[in-house]
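Notes for the one structure printed next.
None of the figures in this text is laboratory data; all of them are computed from the coordinates on show. Note that the structure is a prediction, hence the values are computed from the model and not measured. Here the Cβ positions follow ideal geometry from the backbone for every residue, glycine too, while neighbour counts run over all protein chains shown.
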Amino acid sequence: MRKKILFITGSINQTTQMHQISRHLQQYDCWFSQMFPNSNFLKTIIKHTRLADGTVLTGQFRENSENYLSSQGLQVDYGAQLNKYDLVVYCSDMVVDPKFKDTKTIWVQEGMIDKRTILTGIVKALGIAPYFTGDTSLNGSTNQCDIYCAASEGYKNHFIKYGTAAGKLIVTGIPNYDNHMEHVKNDFPFHDYVMVATSDMRETYRFENRVAFIKKAVKIAAGRPMLFKLHPNEKFNRAEAEIRKYAPAGTLVFNSGNTSHMIANCFELVTQYSTVVYTGISLGKKVHSYFDVDELKRLSPVQNGGTSAINIAQVCRAFIEFEGKKEDFVPAFIPLPVAMPDYECEYA
């Protein structure tokens, strides 16, 4: 029988990344599960309260991901109830089920990691479940998985600094953020604007002064045309009403569409806590963020021509077949060369 791999999904971005990786592992029996609670405490929270509604454990996040999996005809085993697996591939190491303690595990970085806060330090010091931070600041730093696939050398150093063993980390790049040049030629009809990419902080129970952010973006634009791209998880009617009230007349507002194409066509990019800032950095745009921009440039995902899914699949394939001790895998791993596609790109 073919060996079985379970891919743990979360947001739609995490889900599509996992699907891309699985396409290069067709010799294995690949299954998918939305992230599921790993303790009776979390199960109680999900069943009897709405505190988890802003997380990938339930609500629209689970529904969106499972709808995508169904539309692609992929095999679903929610909670790993149907099979025993030879490898589990995680999109987050903040909720790792103890049932996989004897199973090989790989963590794949999805995108930006939230800023560390005072609460992050407290949670880490007390050794309690990392999700008590209420954000993703500990994602990639829990050291719970066997192998960690990082977006860049900058992020590799970040995860080592905050708790994950250096001997577990491999820089692979990450799908969806490894080939920004492909977005330069596009059919998005607007050009030459200051773009503002919002975040879903309010929908995930974090504080945000949206009015102040809009006013700051308007000041940055300094009379130039503006375009707002709303986060897909936002309450669109509320967000658009705020923009219409505080941004200049004629400001464009989108709640769907290809964000990368919009960034490729802009003059300047204003973000909050969004991974799309890396698209702007890679395309040479002037960017603004709640993060330190110089630090973001050090962390920016490697641009490898869209080969990250292949790189991660190589790690999965090699690790599932590896017969030595887990801690010996990374020193022994030798990736096969992957050809990068050639592009003829013109900047907007």
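Grab the other residues whose beta carbon is less than 13 angstrom from that of V194, score K and R as +1, D and E as -1, and report the net. Kindly include the intermediate steps, with their values, before the conclusion.
Details: positive: K216, K219, R224, K229, K285, K286; negative: D192, E268.
Once all neighbours under 13 Å are counted, the net charge is +4.
Computed from Cα positions, the angle between helix 59-71 and the longest principal axis of the chain comes to roughly 70 degrees.
Placing unit charges on the Cβ atoms of the charged side chains and taking the dipole of the chain about its Cα centre, the candidate lying farthest along the positive direction among Q26, V315, M226 is M226. For A222, the shell of other residues with beta-carbons less than 13 Å away shows a net charge of +4, using +1 for Lys and Arg and -1 for Asp and Glu.
Charging the Cβ of each Asp and Glu at -1 and of each Lys and Arg at +1, and nothing else, the dipole of the range 3-84 about its Cα centre rounds to 200 debye. Listing K168, K84 from fewest to most neighbouring C-beta atoms within 10 Å gives K84, K168. Close amide H partners of V196, meaning residues 5 or more places away or on another chain with modelled amide H under 5 Å apart, are L227, F228, K229, V270. In a solvent-free Debye calculation with one equal scatterer on each Cα, what is log10 I(q)/I(0) for the range 1-106 at q = 0.13, 0.18, 0.25 Å⁻¹, listed in the order of the q values? Debye curve over Cα of the range 1-106, log10 I(q)/I(0) at q = 0.13, 0.18, 0.25 Å⁻¹: -0.44, -0.85, -1.52. If you take the Cα centroid of the range 286-320 and the Cα centroid of the range 241-283, the two points sit 21 Å apart. Just so you know, the Rg over Rh for the chain is 0.96, from Cα atoms, with Rh as the Kirkwood radius. If a spin label sat at a point 7 angstrom from the Cα of K115 along the line to its beta carbon, the backbone N atoms of the range 206-228 nearer than 19 Å would be those of 206-218, 220.
If you place +1 on the Cβ of every Lys and Arg and -1 on the Cβ of every Asp and Glu, how big does the dipole about the Cα centre of the range 191-288 come out, in debye to the nearest 20? Can you show the working numbers first?
Working: 14 positive and 8 negative charges, 59 e Å.
Charge dipole, the range 191-288, about its Cα centre: 280 debye, nearest 20.
For the range 1-155, lysine pairs separated by 8 or more sequence positions, or belonging to different chains, with Cα-Cα distances below 28 Å total 26.
Rounded is the label for the range 181-299, because a/c, from the alpha-carbon gyration tensor with a ≥ b ≥ c as root eigenvalues, stays below 1.5. Using θ = phi - 60° in the Karplus curve 6.51 cos²θ - 1.76 cosθ + 1.60, the 3J(HN,Hα) couplings for the range 230-246 round to 7, 5, x, 8, 6, 7, 4, 4, 5, 5, 5, 4, 5, 5, 4, 6, 10 Hz; x is entered for Gly and Pro.
Would you kindly calculate the translational diffusion coefficient of the range 67-153, applying Stokes-Einstein with the Kirkwood radius from alpha carbon pairs, for 37 °C and a viscosity of 0.692 mPa s, and quote it in µm² s⁻¹ without decimals?
Details: Rh = 14.6 Å.
It diffuses with D of about 225 µm²/s by this estimate.
Between the alpha-carbon centres of the range 3-29 and the range 194-225 there is a gap of 34 Å. Magnitude of the charge dipole for the chain, about its Cα centre and with charges confined to Cβ atoms of Lys, Arg (+1) and Asp, Glu (-1), is about 900 debye.
Build a GNM of the chain with springs between Cα atoms under 10 Å apart, and of I263, I12, I128 the one that fluctuates most is I128. Couplings 3J(HN,Hα) of the range 43-53, computed from phi: 4, 5, 4, 5, 6, 10, 9, 10, 5, 9, 5 Hz, in residue order, whole Hz [Karplus 6.51 cos²θ - 1.76 cosθ + 1.60, θ = phi - 60°; x for Gly and Pro]. Adding -39500 (n - 2.57) for every DSSP H run of four residues or longer, then dividing by how many residues the chain holds, sets the calculated 222 nm ellipticity at -9000 deg cm²/dmol.
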